[in-house]
Amino acid sequence: DAGVIQSPRHEVTEMGQEVTLRCKPISGHDYLFWYRQTMMRGLELLIYFNNNVPIDDSGMPEDRFSAKMPNASFSTLKIQPSEPRDSAVYFCASSSRLNSGNTIYFGEGSWLTVV
Amino acid sequence: KNEVEQSPQNLTAQEGEFITINCSYSVGISALHWLQQHPGGGIVSLFMLSSGKKKHGRLIATINIQEKHSSLHITASHPRDSAVYICAVLTGRRALTFGSGTRLQVQP
C-alpha cells in the first residue's frame, strides 16, 4: 500500500487566498484525521471522520477552516481566507479502528506558508 | 496544565547509552501511542499500548495505567535514533491528544 498520501507537500500563498489541502487515506481505513503542527502549539487534532462522517470538529480553529470527506478515498481541508498565523504543517492520518490495537498512519504532511 | 506531559523536553546522549523518555497523562485513556518524528517531518507510530510492555528491536515501551505513566526506552542508542519522540493518548473525546515531544540527539 502507498500509505497516506497528501498534497501539496509544500505551498506558499498570500494572505487572503484560499488554500486546499488534500488527503488520500489508506484503503480500507474507516478513520481519517487532520492534524496541525506548529512550533508554539505542537500537534493538535483539527477534525476526524469515521466512515466519511465528521465526528469531532472541535479542534477546527474558526469558520475559515472547513473539511470534507466526499468518499472513503479522499478528504480536503480548506482555509478561506488564509492568514499568516495559519502557517504550519498539516498532517492527515488514517486508521482502521479507533481503539487499542490499531496503528495510526500519518501522511508526510503539507507544509503551508502564508505570507 | 496539559493533559499529556513529557520529560525531558530535550535529551543529548552518547552513542550506546540507554535512554528513557517519560510520559504522564491526567485523563482516562483507551490507549497510548509513541510516535517518532524525524527532521524531515514524517511521523511514524512506534508503539500503541493499552497495558504492560511492548518491545521492537532496541525499543521498549511500558505503560502503568494505574499511575497514568508510560516510558519509552532505547537500548544501545545510535545516531540514527535522533528524532523527536511524541507521546499521544487516545481518549473517547478527542481521538489523539499529544505531548509536546522530546527532542533526542545521539552523538557518535
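Derivation of every value follows stated rules applied to the coordinates shown; laboratory data play no part. Not measured: the values here are computed from a predicted model. In this analysis, Cβ positions are derived from the backbone assuming ideal geometry, glycine residues included, and neighbour counts consider all displayed protein chains.
Considering every residue within the range B:84-100, establish whether at least one is among the aliphatic types (A, V, I, L, M), touching a strand residue (DSSP E or B) at 6+ places or on another chain (Cβ under 7 Å) and more than 13 Å from every other protein chain (Cβ to nearest Cβ). There is no residue in the range B:84-100 that is among the aliphatic types (A, V, I, L, M), touching a strand residue (DSSP E or B) at 6+ places or on another chain (Cβ under 7 Å) and more than 13 Å from every other protein chain (Cβ to nearest Cβ). Of all residues in the range A:29-56, those being within 11 Å of another protein chain (Cβ to nearest Cβ) and surrounded by fewer than 19 Cβ atoms within 10 Å (Cβ to Cβ) number 8.
Check the range A:22-35 and report whether any residue there is assigned to a strand (DSSP E or B), touching an Asp or Glu at 6+ places or on another chain (Cβ under 7 Å) and of a type in the set (Ser, Thr, Tyr). Within the range A:22-35 (the criterion being assigned to a strand (DSSP E or B), touching an Asp or Glu at 6+ places or on another chain (Cβ under 7 Å) and of a type in the set (Ser, Thr, Tyr)), the answer is yes, since at least one residue qualifies. On the stretch given as the range B:57-77, residues that are in contact with a Gly (Cβ under 8 Å, 6 or more places away or on another chain) and either over 26 Å from residue B:28 (Cβ atoms) or part of a loop (DSSP other than H, G, I, E, B) (or both) total 2. Would you mind stating whether residue A:20 is polar (S, T, N, Q) and within 14 Å of chain B (Cβ to nearest Cβ)? When the stated conditions are applied, residue A:20 does not pass them.
Out of the residues in the range A:59-115 meeting the condition of being among the β-branched types (Val, Ile, Thr) and facing chain B (nearest Cβ under 10 Å), tell me which one is surrounded by the fewest Cβ atoms within 10 Å (Cβ to Cβ). Among them, the one singled out is A:103.
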